[in-house]
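> Provided herewith is a single structure, encoded as structure tokens, for subsequent inquiry.
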Amino acid sequence: MVLAKLRRRLSASPGTPARSPRGGFSLHPTPLDSGLVSGQVHDERGSLLPEVSVTIVDRLNQVIGETKTDSYGGFALAVAPGTHKLSLAAGGYRRYSARIQVQVNQHSPLGSIGVEPDDSLQLPQPGRYRFDPYHTEIRFVAQHIGMSKIHGEFRRFDGVIDVAPRFEDSRIEVVMEAASIDTGVKMRDDHLRSADFLDVESHPQLHFRSNRLTHVRADRWKVSGALTLRGTTSPVELATVYLGQRTFQGPGFDGDLRVACDAKTTLRREDYSVNWQATLAKGIAVVGPTIDIELGVQAVMV
């Protein structure tokens, strides 16, 4: 009875895309003779892991089910019966694989599944690292008239990472040239450089300085600091994924020791007194109140 109710929630009708327990849609149909596979994923400390990629493939190595764990580390997938392979993938952890047996109209609970840290993801060696401008991007996304998004980036910047013996004591500083903003449309970029937005004549630079690094789990860190924009300084938290360190040989690399990370945050325009606003006839704002910032960083030891 429980399986039947869940199947009715997962599938509108045979051969149609199945609605996942997290509210999205799977690309795979839910067969009427399927079985249910469920589990809960945790790390080596017993903490439940959200956003773990869950994939099930059949004997022909074809994907028959995929989802991500919810905020409690749980997942549930309805798949065709048979002997399949379950894989779990999460940044900073070793991939987990196991054979599973799925029976017709049966629930196959896998229970609690532990994943182990990826020991190859070592923290960077202490020292100073400088952003590689050819392999680093500082991008932003803004909402436009509530319908579409404008993508842009800062073309000129400088950044240093001072890695301390205890990584949590490390410091990051980034300076961006305000006039280098680029959305691909000259008229729009000129407006963004004006006093309505960045006011580049009075405030030629944006400046970020970290004050704390906090380990969240595995490859996830939180970088706390302050951003100064248009002469106003406000606190910022960057959700950061550490991608590791490597020494590269080859053209343009010369054996450089590099570290890499991805980081994201959201800024509110009003926190920096960027209050310019225009509305359409129906009261729709031309520019949204928030800006999403994304950084893809490679830094070289100097």
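We did not get these values from a lab; they are worked out from the coordinates using the rules stated. Keep in mind that what you see is a predicted model, and the values were worked out from it rather than measured. Cβ sites come from the backbone with ideal geometry, for glycine too, and all protein chains shown count toward neighbours.
> Once you've got the Cα coordinates, tell me which of Lys68/Lys149; Lys85/Lys264; Lys85/Lys149; Lys68/Lys222; Lys149/Lys222 are over 30 Å apart.
Violating the 30 Å limit, Cα to Cα: Lys85/Lys264; Lys85/Lys149.
> Remind me, what semi-axes does segment 194-276 give for its equivalent ellipsoid, largest first in whole Å, using sqrt of 5 times each Cα gyration tensor eigenvalue?
Each semi-axis is √(5λ); the values are 31, 19, 10 Å.
> Using each residue's phi in segment 241-248, evaluate 6.51 cos²θ - 1.76 cosθ + 1.60 at θ = phi - 60° and report the 3J(HN,Hα) Karplus result to the nearest Hz, with x for Gly and Pro.
Along segment 241-248, the couplings run 10, 7, 9, x, 10, 8, 9, 10 Hz.
> Quickly rank 181-193, 65-77, 36-48 as a protection proxy: mean count of other C-beta atoms within 10 Å, highest first.
Ranking the peptides 181-193, 65-77, 36-48 by packing returns 65-77, 36-48, 181-193.
> In nm, to one decimal, how far is the modelled label at Arg166 from the one at Ala98, with both set 7 Å along Cα→Cβ?
3.7
> Pop a pseudo-label 7 angstrom from the Cα along the beta-carbon direction at both Gln125 and Ser112 and give the gap in nm to one decimal.
4.0
> List the aspartates and glutamates whose alpha-carbon lies under 15 Å from that of Lys186, not counting same-chain residues fewer than 8 positions away?
Result set, ordered by chain and number: Glu153.
> Here is a further query. Subtracting the Cα-Cα distance from 0.36 nm times the residue separation, let me have the gained length for Leu32 to Leu257 in nm, one decimal.
Result: 75.6 nm gained on full extension.
> Beyond 19 Å, how much of the Cα-Cα pair distribution for segment 57-213 remains, as a whole percent?
The answer is 72 percent, as a whole percent.
> Give me a comma-separated list of calculated 3J(HN,Hα) values for segment 121-128, in order, Karplus coefficients 6.51, -1.76, 1.60 applied at θ = phi - 60°, integers in Hz, x for any Gly or Pro.
Per residue, the Karplus-derived 3J(HN,Hα) values read 8, 7, 5, x, 5, x, x, 9 Hz.
> Which shape class applies to segment 129-212: rounded if a/c is under 1.5, otherwise prolate when a/b exceeds b/c and oblate if not, where a ≥ b ≥ c are the square roots of the Cα gyration tensor eigenvalues?
prolate
> Above 25 angstrom, tally the Cα pairs of segment 127-301 and express them as a % of all pairs, no decimals.
Within segment 127-301, distances greater than 25 Å cover 37 percent of Cα pairs.
> Going by average Cβ neighbours within 10 Å, how do the peptides 57-64, 96-103, 234-241 rank, with the highest at the top?
Put in order of decreasing packing, that is 234-241, 96-103, 57-64.
> Once you keep just the Cα pairs under 8 angstrom separated by 6 or more residues, what percentage relative contact order results for segment 127-301?
25
> I need the calculated FRET efficiency for the pair Ala195 and Glu44, taking r as the beta carbon distance and R₀ as 41 Å, to the nearest 0.05.
0.20
> Counting residues in segment 53-138 as N, plug N into 2.2 N^0.38 Å and put the Cα Rg over that result.
1.53
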